[in-house]
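Note sheet for the following structure.
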Amino acid sequence: MIKLAIDLGSSVTKIYRADTNSGIVLAEPSCVAVSGEDGEIKAIGKEAKNLIGKTAELTKIVYPIYEGVVVDMRLAAAMLTAFLSRIGIKKSALKRAQVLLNIPCGLSGKRFAEYQQLVEDCEIKKVRFVEQPYLSALGAGAVISDTDPIFCLDIGGGVTNAAVISANGIISGISINVGGNNMDANIISKIASNNSLLVGALTAEKIKNEIGSLSVSALGTMVAEGSSTETCQPASSSVQAADLTECIRVYINKIIEYATGVLWQLPAEVAAAVNRNGVYLSGGVMKISHVPQYIGAKLNMRYRVCEEPQFATVLGGGVLLQDRELLNTFAKKDE
């Protein structure tokens, strides 16, 4: 039987294949390029992302899963179907596939129904839904038990999940629409203000990933290309990492504020266990220099980050697919 774990992220979709021990077989941007006139799909995934900022007026780039919510069912289904096809899984094979799909922590009944509709539209017959904190914790190497609660914080592109979990369920948790995309938008504004240069979303993301840092002595430099805000002509400018620190820090501080609220709701014994175990950090934002250290210092606790934090959730899905008892424990029960 085909076994797939799917992390349908707001920014990137990742697929793990467990039945062939192939591991992660796909990681592509969760976006679709469509014609503004008739809604025709022109490109999906990395091909669509490469068109950002370069398309004609009648072509737009759509993220069908926005901040953890299915905002365009037709495009979301077309995108997921295309991704499955790219790894050699046709619709006919999905009838006998076992699929695990992650969903944000605390998803409302209405929003959960949209995910159910999405997999139905993709003709996926056997699907188990698991809330994201379980998956990111497992992918980060945590052992989830009845007696030793785990605190996990995952910061993705559009959604952050913070939760304290045990094998009995989520003790305290929250999902918020703050993540790396907010930082990108802030970087665009900062460069326009400091350097009189308008850069695109792809450039801002690249700058964040290459020289972004929360170090008090951030020294990186990168030449950014775009359009002069003064002459509207093509231009370039040298961007300093130190000038962008606040663009990242303001959102990390907001996330820490919400994460602290999760901790405030814990019973004393659970809080003691969390203090002993520290926090498990995951999500692509953890690859930004000194972000894990900053979070650990602000929370005043030990932190653990897996080697590839951006893949923690889908790797956790792979772990569950190979342990039926564990999957039955963490899968969302039918309502």
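Here, each number is a calculation from the coordinates, and none is a lab measurement. Note that the structure is a prediction, hence the values are computed from the model and not measured. Reconstructed Cβ throughout: ideal geometry from the backbone, glycine too, with neighbour counts over all protein chains shown.
Run through the DSSP bridge list for the chain and note the antiparallel percent, rounded to the nearest 5. The partial results should precede the final answer.
Numbers: 43 of 61 bridges.
Here the share of antiparallel DSSP bridges comes out near 70 percent.
Per-residue counts of other Cβ atoms within 10 Å, averaged by peptide: what ranking do you get for 93-103, 107-117, highest first?
93-103, 107-117
So what's the back-of-envelope 222 nm ellipticity for the chain, counting only DSSP H runs of four-plus at -39500 (n - 2.57) apiece and dividing by all residues, rounded to 500? Could the numbers behind the result be given before it?
On the way: 12 runs with 130 residues, N = 335.
Here the helix-only value at 222 nm equals -11500 deg cm²/dmol.
Shape call for region 177-273 from the C-alpha gyration tensor, a ≥ b ≥ c root eigenvalues: rounded (a/c under 1.5), prolate (a/b greater than b/c) or oblate?
On the way: a/c = 3.78, a/b = 2.65, b/c = 1.43.
Prolate, because a/c is 1.5 or more and a/b exceeds b/c.
Quickly rank 30-37, 217-224, 314-321, 9-16 as a protection proxy: mean count of other C-beta atoms within 10 Å, highest first.
Details: 30-37: 19.5, 217-224: 13.5, 314-321: 25.6, 9-16: 23.6.
Going from most to least packed, we get 314-321, 9-16, 30-37, 217-224.
For the chain, build the charge dipole from Cβ charges (+1 Lys, Arg; -1 Asp, Glu) around the Cα centre, then report which of 285, 327, 233 sits farthest towards its positive end.
Farthest towards the positive end: 327.
What's the magnitude of the charge dipole for region 61-134 around its Cα centre, counting Lys and Arg as +1 and Asp and Glu as -1 at the beta-carbon? Answer in Debye, nearest 20.
The dipole magnitude comes to about 420 debye.
Please work out how much length the chain gains when fully extended from residue 268 to residue 237, using 0.36 nm per residue of separation minus the C-alpha to C-alpha distance, in nm with one decimal.
Numbers: separation 31, 0.36 × 31 = 11.16 nm, distance 5.23 nm.
Full-extension gain reported as 5.9 nm.
Would you mind working out the magnitude of the charge dipole of region 206-272 relative to its Cα centre, with +1 at each Lys and Arg C-beta and -1 at each Asp and Glu C-beta, to the nearest 20 Debye?
Once rounded to the nearest 20, the dipole reads 80 debye.
Under 21 Å between alpha carbons, and skipping anything fewer than 8 positions from residue 125 in its own chain: which lysines qualify?
Once the sequence-local lysines are set aside, what remains near residue 125 is 3, 14, 90, 91, 95, 110, 332, 333.
Could you tell me how far the Cα centroid of region 190-264 sits from the Cα centroid of region 111-150, in Å?
A separation of 32 Å, based on Cα centres.
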